[in-house]
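The values are calculated or read from the model by the stated rules, or taken from the named source; none is laboratory data. This one's a predicted model, so the numbers in the text were calculated from it and none came from an experiment. Using ideal geometry, Cβ is built from the backbone for each residue, glycine included, and neighbour counts are taken over all protein chains shown. For the accessible areas, the whole protein counts, side chains as well, though only heavy atoms, and no ligand, DNA or RNA atoms are used. Shrake-Rupley method; radii C 1.70, N 1.55, O 1.52, S 1.80 Å.
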Amino acid sequence: MSHEATVQADVEKFQSAWSSVRDAVHARIVGQDRVVDGVLTSLLAGGNVLLEGVPGIGKTLLVRTLGEALHVEQSRIQFTPDLMPSDVLGTMVIDEGSGGARELRFQKGPIHANLVLADEINRATPKTQSALLEAMQERQATVGGTTRKLPEPFIVLATQNPVEQEGTYPLPEAQLDRFMFKLVVGYPKEDEYHSILSRTTGRAMPDVPTVASGEEILALRELVRDVPVTEEAERLAVRLIMATQPGTPYASDNVNRYVMLGSSPRGAQALILAAKVHALSEGRFSAGPDDIRVWAVDALRHRVLLNFEALAEGLDTDKLILENLERLDVR
Amino acid sequence: VSFDDPHDRLRQLVEPTRRGISDFERGRARKLGLGLLLGLLPRMSLVLVIGYWGLVLISGREPFSPFVLPALLALALLAGFAALWMRAQRIEASPARAAARVDREFDLQGRSAAGLEFSKDPAEDLPRRVRAFRRLAVEDALAHAGRVQGAAAAIRRGVPPLPWRLALFALLLSFVPSVLRLDAAKTVPHSDQHPPKAGAFESGASKSDEAAKELVTEREHETAHRRSEAGKPEALSEHKPDAPNESGSSKKARPSSAQAPLVAADAASSQSIASPSESSESSASRSSGSQGASAGGGSAKSGKRPEGEAEEERTAKKRKSPRPRQPKGAETKKGESDASGAVPRGSSTSGGRLAAVGNKRSGVDRGEEREDDAETEDEEIEDEQEESDQRGGVMPRMRDRRASPSRDLSISGDGPPDDGRGGPSPPKKARGTASLVLGVRLPDSVRGLPNPGTAKTSTEPVPPQERQAPERPAVPVRSGLNARAAQRSVPPQSPERAKRILQYQKLRRQKSESAAGSDQQEQR
């Protein structure tokens, strides 16, 4: 079999896996198509996701459903102000053997799972939040001087609540940058409410079929890395990132005036990887500028820090990024 | 898949669109350039007019006819447009851009652009799987080429309208010197005694002292020459009230001759607005003032009053009303009227000169102050940008960076005031009492308890002082029913309770005395 035929078969397999996981999640989650697609894109691109939304719109349920559909080990950490890093990473405990001999043994924390749900992550102290930094970027955890690899595929799905900010700790920039997407989960539409009520007020919740395994997800991730990207798409990604940085040639007047800190190169990586996944999900063999545009807002909105003047004038990052997208459209 | 054929085929596919984009971009560049030129025309016109007047001021005569200015303006416009046209002809759209346009127009989702790019370069150094992806992308683009079928994608992009009004304004502006010249030619009659230098453009001559001195010297020479011809001594002519004062009139002519061209334009315009009688008067006085010797004669004819009376009247007016601050045009008129020959030599010379010079200097000073302020404000930003460049690249704007939030979780949080949005803990409110502060001893009392609290207490020793109170009238004694009602009903107290209270008070007094004594000992 030639390479072309192999690649073509892999792309078809990717499309099949994409649609089956999507359908499995939608067996329990009603609507929220963009959020589900974003979580799947991040899963296949190897990134982490920050879900932001008001309580009661299914953020936690989405993550649990995804865990069931993928048949991977999942864990949930409910972040509270008194949570300690050892509660997340694990700790050394004294274990007494059968002969009475005592030895130190590592007790794994909930981070040692494939799919980690960090619920209400902004309620924990920065000390505990920072315990996730190494895990999210290097896919490893260091406890007691020993570094342990985390199981693959590894993805952190964190949720946070935009209201009830009393007693919370906003995520530091270094940690925000480690999330590939920040997805805003909105309220359902009117017709979706009927489906939600019919599914959730009966005797049992709908069953979620297991449609993929961890190994399959890893294979799909490798396929994503092979997808070529056109020069125009790369140029657009770079200019989009530079357009968020004040003082650069592509920064608009609004960016120069209102932005305190622009996106890092991680933003460009996220844009390219998301574009590759989007191209594959549509059965194409290369990623173009249109694929970059699809996830630009979700990949950049948490990487741009506005200054006080912008906050006072009610400006948000989504508007700035959309303005940049429109401005950099040279076609 | 051969890479030569697919690339040519894809290029042919996007060629009509590429040509369309190129034509459109050329036309757009021409129109934008023309718009830019038309927008620049007012400035160019202004520069031409100012330059022309500057030449007139410097040389003292017209370098060329003012009607040349509009012609120059039109020539500059034509030259600029020709340059833009030639530059626009070189614009050629790239095939990649055309492919992107085709993808968008025919909903190909980037297939033709990717196919065109990947078919151009086989990229043998890439891994096999990536190369396979690229070949598949080219095949995919060719497979979807049927949708295009040689059609060109439409180009929808607006071009801003041309600023015709600005161009018209610029054209009118370029005619201003010609109009002013015509107006001056109407109002100022030329005489044989004065060369063109001191004629219509004399009012716009330089204000410098040297030029004025030259003018004075020249006219004095002329006057002396005429008087010597008439055989009259100069001293006698000065004592004559009706005789024209040559040097005075020449000095008085200085303010009017020292006005800037714009001022002359203002004067001319105000003159045209004024009533016919006023305009005739002012023109007569201006002609007399500007024409030196003939001015004296003119004023002598029109004034018909002795010189001493006129001077007294003017002095009285000056005393009555202090000279108000007037705009430049008004001062110009006044200077011109003062320059008439009816005014004696010493009276109006200083006034005219001071007004013109003083106003100019004050205006310049104000302008300089504003420029200084703007420069001071911009200095910091420029310094920061320079530093950023010297560091080797553009850095995040740390000027706007706030201090990192405090992560201190202790009881005395020193973060910003609580705004309900989370983050560092706000300053805690003190829950202790004032008596907890070391070194400050305050009496502590607990409401509802007769005994002092557990906190340390101290009383400040304040010796009693005698004080005079105001006298008050005695209260009348109540009697009868009122007196009985006013009595307080006090329950009878048992002797044991009274005894205990006395003991308690005695004990407490002893304690306080002993505490005070120990305090005094400590203080000693």
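Compute for chains A and B the buried accessible surface, both sides summed, probe 1.4 Å, and express it in Å² to the nearest 100.
Values: alone 16090 and 38050 Å², together 50640 Å².
Chain pair A/B: roughly 3500 Å² of buried accessible area.
Give me a single rounded figure for A:243-250: the average over its residues of other chain Cβ atoms within 10 Å of their Cβ.
Rounded to a whole number, the mean comes out at 3.
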If the convex hull of the alpha-carbon atoms of the stretch A:43-159 is projected onto planes in all directions, what is the mean projected area in square nanometres? 8.6
Please work out how much length the chain gains when fully extended from residue A:187 to residue A:319, using 0.36 nm per residue of separation minus the C-alpha to C-alpha distance, in nm with one decimal. 45.5 nm
Starting from the 7 Å offset along Cα-to-Cβ, what nm value, one decimal, do you get for the label separation of residue A:204 and residue B:62? 10.6
GluC sites (Glu not before Pro), restricted to the stretch B:58-124: which are DSSP loop and have at most 10 other Cβ atoms within 10 Å? B:124
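Report, to one decimal in Å, the Kirkwood hydrodynamic radius for the stretch B:42-142 based on all distinct Cα pairs.
18.9
Rounded to two decimals, what ratio of Rg to Rh does the stretch A:99-195 give with C-alpha atoms and a Kirkwood Rh?
1.10
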In nm, give the distance between the simple-model label positions of residue A:327 and residue B:75, each being 7 Å from the Cα along the Cα-to-Cβ direction. 4.2
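For the stretch A:211-291, what is Rg from Cα atoms divided by 2.2 N^0.38 Å, rounded to two decimals?
1.33
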Return the distance in nm (one decimal) between the two label points of a simple spin-label model at residue B:499 and residue A:213, each offset 7 Å from Cα along Cα→Cβ. 10.1
Whole number please: convex hull volume per residue of the Cα set in chain A, in Å³? 183
